[in-house]
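What follows is a single structure, written as structure tokens, with notes after it.
The values are calculated or read from the model by the stated rules, or taken from the named source; none is laboratory data. What you see is a predicted model, and the numbers here were worked out from it, not measured in a lab. Counting neighbours? That spans all protein chains shown, and the Cβs are built from the backbone with ideal geometry, glycine included. Side chains included, ligands, DNA and RNA excluded: accessible areas come from the protein's heavy atoms. Shrake-Rupley method; radii C 1.70, N 1.55, O 1.52, S 1.80 Å.
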Amino acid sequence: MKLYNTLTRKKEKFIPITPGEIKMYACGPTVYNYFHIGNARTFMVFDAMRRYFEYRGYKVTFVQNFTDIDDKIINRAKEENVTALQISEKYIEEYFKDAGSLGIRRADIHPKVTDNVKEIITFIEALIEKGFAYEIVGDVYFDVSRFKDYGKLKKQSLEELQAGARVEVNEHKKNPLDFALWKAAKPDEPSWESPWGLGRPGWHIECSAMAQKYLGETIDIHGGGGDLVFPHHENEIAQSEACTGKPFANYWLHVGYLNIDNKKMSKSLNNFFTPREIAEEFDLESLRFFMLSAHYRNPLNFSREVLSAAANALERLYNAKNNLQYLLENAEEKDLTAEENNLQKQLLSYRGKFVSVMDDDFNTADGIAIIFDLIRAINTYVLSDASKELVKTALDLLLETTGVLGLLAKEEEALNQEVEALIEKRQQARKDKNYQLADEIRDQLKEKGVILEDTSQGVKWRRS
Ligand SMILES: [Zn+2]
């Protein structure tokens with residue numbers, strides 16, 4: 001496989017650290033609101049990549065964090081007269097609802113900042129110890145002048161970065177580009193004990209600390225939205241590599257911007273849409289189809305018209321699936337004719353074509369084009385007198401290629417959601433000490449072929 005690496009600005013052959021395994025981290029949402037469709041694009045792209053890596057036989061460990069302490073969360077909590085924790089818990093729950101309706105699977109681990117403050121403090125202490133960070137009146141800053149590679153992701157020198165930086169007014173910082181690792185507590189804010197007094201982590205440090213804790217010092221893939229290249233990912237690299245002396249991530253993948261009616265999404269234009277708003281008018285699978293029908297690195301323009309077109313295209317996929325299912329029910333069980341043997345080979349050749357474009361930096365745009373080529377071939381060759389085996393080959397191939405993208409998978413997703421709901425119900429029953437109900441739900445899940453595992457990260461499940 002080849003992946004475009006933002007760090008080198010090149011498409012590179014993908015070589016995982018451990019053969020057959022991928023450690024992948026993507027920056028998740030700050031949970032103070034519903035996420036918008038620009039965020040949705042990023043989450044969906046990494047979800048589809050993960051599915052594709054698994055399809056190609058890799059064992060993927062995927063971590064996506066929740067930023068659950070932040071100015072925006074604190075402000076929202078003040079506005080609503082509730083605690084920051086209440087806000088973050090609510091929007092984590094809403095994240096899972098929206099992600100589920102977009103066919104985005106849960107990551108293996110969704111760590112939260114507030115569960116990792118101890119690890120973050122240890123990380124900051126190591127940076128101070130090594131001379132990469134300094135404390136001033138309860139704040140701790142990373143000293144960018146001490147990290148010689150600062151700017152390597154953005155591909156700018158310290159001077160260039162300084163010229164372009166919006167200088168934050170702060171008399172304490174040595175350099176305007178220095179960034180906070182730890183912020184001294186202000187009155188009425190959630191805070192934690194630390195060697196520098198009460199305070200809370202800065203934003204960038206959480207991803208360095210949590211990626212290291214859950215995936216190790218060097219990971220294969222780090223991803224996020226294109227807007228995170230600078231300063232967030234630049235700062236993550238500085239923190240992690242200063243701390244360990246090793247590369248942080250071997251491949252940096254970034255998702256292009258989503259524009260709305262050819263305009264950048266912005267607060268001032270008030271042109272944000274959430275998946276829930278889209279769902280009032282469209283099936284959200286159309287949104288997923290639309291997002292994946294472009295290459296993930298390209299900017300993508302959203303409008304009602306293009307979403308309608310996506311809905312129509314998706315309907316063609318469903319029609320093809322329904323036709324094949326109908327044919328399969330009625331097809332005769334008979335040996336393939338010599339001609340059918342040939343046709344079967346032709347159909348199967350689309351698998352190789354699909355894989356080869358997807359292997360080329362995850363080109364879902366071409367991947368979807370090949371699925372439509374496949375459908376054209378199916379419509380031409382797989383007719384009502386086709387033998388059962390030929391029809392089955394065609395249907396399996398269609399479901400295999402669309403399934404990798406998380407498309408035509410409504411039934412499967414509905415089943416998954418049912419399982420997730422049961423697991424949640426069981427968790428609640430256990431919290432309420434209603435062990436009989438909890439056991440009943442466990443048996444119910446068992447009947448569905450679901451195996452539960454209680455881990456330190458919560459309950460995981462798989463199908464037996
Ligand atoms: Zn991050």
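Quick look at the values:
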| quantity | calculated |
| --- | --- |
| For segment 34-188: rounded, prolate or oblate by the Cα gyration tensor [a/c cutoff 1.5] | oblate |
| Surface accessible to a 1.4 Å probe, per residue, for the residues of the chain, Å² | 48 |
| Length gained when the stretch residue 105-residue 89 is fully extended (0.36 nm per residue, less Cα-Cα span) | 3.9 nm |
| Derived scalar couplings ³J(HN,Hα) [segment 117-128; Karplus, 6.51 cos²θ - 1.76 cosθ + 1.60; whole Hz; x for Gly, Pro] | 5, 4, 5, 5, 4, 4, 4, 5, 4, 5, 5, 5 |
| Given charges at beta-carbon only (K, R positive; D, E negative), |dipole| of the chain in Debye | 820 |
| Span per principal axis, largest first, for the Cα atoms of the chain (Å) | 81, 58, 46 |
| Relative contact order computed over the chain (Cα-Cα under 8 Å; 6+ residues apart), in percent | 15 |
| Efficiency of FRET from Cβ geometry, residue 329 and residue 266, R₀ 51 Å, rounded to 0.05 | 0.50 |
| Per-selection metrics, segment 302-348 (Cα): Rg and Dmax in Å | 16.4, 49 |
| Cα lying deepest toward the dipole's positive end in segment 9-69, options 67, 55, 35, charges on Cβ | 55 |
| Positive-end residue, the chain charge dipole about Cα centroid, Cβ charges, pick of 237, 429, 408 | 237 |
| Straight-distance crosslink candidates among lysines, where the alpha carbon sits under 24 Å from residue 10 and sequence neighbours closer than 8 are dropped | 2, 23, 148, 152, 154, 155, 246, 353 |
| Intensity falloff of segment 345-464 expressed as log10 I(q)/I(0), Debye formula with alpha-carbon point scatterers, at q = 0.12, 0.16, 0.20 Å⁻¹ | -0.65, -0.82, -1.01 |
| Positive-end residue, the chain charge dipole about Cα centroid, Cβ charges, pick of 172, 367, 458 | 172 |
| Between segment 310-344 and segment 418-451, the Cα center-to-center distance that results, in Å | 39 |
| Stretch in the chain that is longest and holds no GluC sites (Glu not before Pro) that DSSP places in a loop and that have at most 15 other beta carbons within 10 Å | 1-167 |
| Degrees, to the nearest 10: 435-447 long Cα axis against longest axis of the chain | 40 |
| Dipole magnitude of segment 318-443 about its Cα centre (Cβ charges: Lys, Arg +1; Asp, Glu -1), debye to nearest 20 | 320 |
| Length-normalised contact order of segment 72-228 in % [C-alpha pairs under 8 Å, at least 6 apart] | 20 |
| Extension reserve of the residue 460-residue 315 stretch, reckoned as 0.36 nm per residue once the Cα distance is removed | 48.9 nm |
| Rounded to 10°, Cα long-axis angle of helix 388-404 versus longest principal axis of the chain | 10 |
| Residue-averaged 222 nm ellipticity for the chain, from DSSP H runs of 4+ at -39500 (n - 2.57), nearest 500 | -16000 deg cm²/dmol |
| 0 to 90° range, to nearest 10: angle between helix 84-101 axis and the chain longest Cα axis | 20 |
| Shape of segment 135-241, Cα gyration tensor, a/c cut at 1.5 | oblate |
| Prolate/oblate/rounded label for segment 269-363 (Cα gyration tensor, a/c 1.5) | oblate |
| Full-extension gain in nm, residue 160 to residue 380, via 0.36 nm per residue minus C-alpha separation | 73.4 nm |
| Segment 1-95 - convex hull of alpha carbons, volume per residue in Å³ | 122 |
